[in-house]
Amino acid sequence: MTERLKSYRRTPGSFLLFLLVSLSAVLTAAILIFLVGYVLVKGVPYLSADLFAWEYTSDNCSVVPAMINTLLMTVISLLIAVPFGIFAAVYLVEYARKGNKLVRVIRITAETLTGIPSIVYGLFGMLFFVTALKWKYSLLAGACTLSIMILPVILRTTEEALLAVPNSFREGSFGLGVGKLRTVFRIVLPSAVPGILSGVILATGRIVGETAALIYTAGSVAKLPGSLFDSTRTLAVHMYVLSGEGLHTNQAYATAVVLLILVIIMNLISSGLAKKVSKA
């Protein structure tokens, strides 16, 4: 400790930087704790049995249909986006020529799409899936819109995970006479799975918390869908509708608690899978 203080006296700039970094960490943790605590304090007292009834009514404002719809929306969106994102990243890293202009264009496009507001995706989904394809407000239209939204995230994180795999793995596989395709799918991809799962976790969080895009594509019907072409309401949309009406504000806070717990559970499951895969 004394040696560190002496070094800080010799370099006051380092001490100032240490203070700024520490202050930033404390502020970030404090804001996170405040937000989570505020949601829990406002919402936990209104968690009741009626809130978890099987069917939604104007009296109970049940979140069960919205919870199931959220899980369905997440699974369908990931089933569409994850294969495309992973295969596109494999092409960019393993098969495309170095310095290829097409690769640079794809990367710039993916980074640009990541920063586009979600309402723009919602308007596109409404014009294309809902209107042009005549799917109307439906679970499938919302899932396809969300899959386009999360595709750049999965592509970029998978690409970085593949680039992080040492070239010695590839060279050793080639030296044993293994072909390119088998090397990619038996050596490179398994080594990059933890990084790929990190992208999937980020994409899952964006799906669960999305509101604007789903209002224009999936609608806001508070019931379980009978098919992929029925309108649905996720937890985030459910919370938005309740707070917008102004009649069920307390239930909206309770829904926020359920949404927070659901996101934490999904992240814990994904992190556990990533740890198991990395150990294997």
With Ile269, Ile215, Ile196, Ile261 as the choices, which residue is among the aliphatic types (A, V, I, L, M) and farther than 20 Å from Ser77 by Cβ?
-> Ile261
State which residue is nearest to Ile201 (Cα to Cα) when the search covers only the range 44-93 and only residues that are surrounded by 19 or more Cβ atoms within 10 Å (Cβ to Cβ) and among the polar types (S, T, N, Q).
-> Thr74
Looking at (1) over 24 Å from the mean Cα position of the chain (by Cα); (2) closer than 30 Å to Lys180 by Cα; (3) not aromatic (Phe, Trp, Tyr), find the lone condition where Val41 falls short.
-> (2)
Residues of the range 229-262 being assigned to a helix (DSSP H, G or I) and touching a Gly at 6+ places or on another chain (Cβ under 6 Å), which ones?
-> Ala236, Tyr253, Ala254, Ala256, Val257
So Ile265 clears everything in (1) open to solvent by less than 60 Å² (accessible area, probe 1.4 Å); (2) under 22 Å from Val82 (Cα atoms); (3) within 16 Å of the chain's Cα centre (by Cα) except one condition, right? Which one?
-> (1)
Considering each residue of the range 209-220, count those that are open to solvent by 60 Å² or more (accessible area, probe 1.4 Å) and either under 17 Å from Asp50 (Cβ atoms) or in a loop (DSSP other than H, G, I, E, B) (or both), and give that number.
-> 0
Do we have any residue at all in the range 108-117 that's free of Cβ contacts under 8 Å to residues at least 60 places away in the same chain and crowded, with 19+ Cβ neighbours inside 10 Å?
-> yes
What helices (runs of 4 or more DSSP H), lying completely within the range 129-198, carry at least 3 residues that are modelled with pLDDT of 85 or more, open to solvent by less than 10 Å² (accessible area, probe 1.4 Å) and closer than 30 Å to Arg233 by Cβ?
-> 139-163
Is it true that Gly122 is farther than 22 Å from Thr211 by Cβ, modelled with pLDDT of 90 or more, crowded, with 16+ Cβ neighbours inside 10 Å and of a type outside the set (Asp, Glu)?
-> no
When the residues of the range 221-252 are filtered to those that are of a type in the set (Ser, Thr, Tyr) and within 19 Å of Glu55 (Cα to Cα), which remaining residue is most open to solvent (accessible area, probe 1.4 Å)?
-> Tyr240
Which condition does Lys275 not pass, out of (1) at pLDDT below 80; (2) under 15 Å from the mean Cα position of the chain (by Cα), if it passes all the others?
-> (2)
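The values are calculated or read from the model by the stated rules, or taken from the named source; none is laboratory data. Computed from a predicted model, the values in this text were never measured in an experiment. Positions of Cβ are generated from backbone atoms using ideal geometry, with glycine treated the same way; all protein chains shown enter the neighbour counts. Just the protein is used for accessible areas: all its heavy atoms, side chains included, with ligands, DNA and RNA removed. Shrake-Rupley method; radii C 1.70, N 1.55, O 1.52, S 1.80 Å.
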